[in-house]
1. Determine, for each peptide in 60-66, 20-26, 31-37, the mean count of other beta carbons within 10 angstrom over its residues, then list the peptides with the highest first.
2. If you roll a 1.4 angstrom probe over the protein chains with everything in place, what fraction of the accessible area of the range 7-90 belongs to carbon and sulfur, to the nearest %?
3. What list of ³J(HN,Hα) couplings, whole Hz, do you get for the range 57-74 from phi and the Karplus terms 6.51, -1.76, 1.60, once you set θ to phi - 60° and write x for glycine and proline?
4. Could you give the length gained by full extension between residue 61 and residue 107, i.e. 0.36 nm per residue of separation minus their alpha carbon distance, to one decimal place?
5. In nm², what is the average projected area of the convex hull enclosing the Cα atoms of the range 1-74?
Amino acid sequence: TTTYARISSSESIISNIHHGGKRVPLDTFLQQEFPQDVEELTKELKTFGLELAAHFEKQAHKEFDQLGIDVGIDEQKRFWLYEINGRPGYPPSLFGKVGMEKNLISYAIHLANKKDN
């Protein structure tokens, strides 16, 4: 339902919000770090996330209604998987800021329709 970047503070490599990290919109982060590749990386991250979710569901032999996929990007624009969370929740600080409510409602409708079939 949403994608965002977490950035560590200047004193740490840990991007956890409770350790001084912050959340920023993905496009803001990509524009700052990879200005020539924003569109390409956005598309690749979306494809990576969807394909990884499908693979993860296949291996788990079940469907998940949400996944939190933590990915890093290095200087060569390679993706590094850190972890996958089955019930990640949503950061309250993002409500009303990135359109996630619309995505949550649309996805809930999709799941309800799928269950009826």
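1. Most protected by this proxy first, the peptides run 20-26, 31-37, 60-66.
2. Carbon and sulfur together cover 51 percent of it.
3. 4, 4, 5, 7, 6, 7, 9, 10, 7, 7, 9, x, 10, 9, 10, x, 10, 8
4. On the way: separation 46, 0.36 × 46 = 16.56 nm, distance 2.07 nm.
Value of the extension gain: 14.5 nm.
5. 5.8 nm²
The values are calculated or read from the model by the stated rules, or taken from the named source; none is laboratory data. No experiment lies behind these values; they were computed from the predicted model shown. Every residue, glycine among them, receives a Cβ derived from its backbone with ideal geometry; neighbour counts consider all protein chains shown. Only protein heavy atoms, including side chains, enter the accessible area calculation; ligands, DNA and RNA are left aside. Shrake-Rupley method; radii C 1.70, N 1.55, O 1.52, S 1.80 Å.
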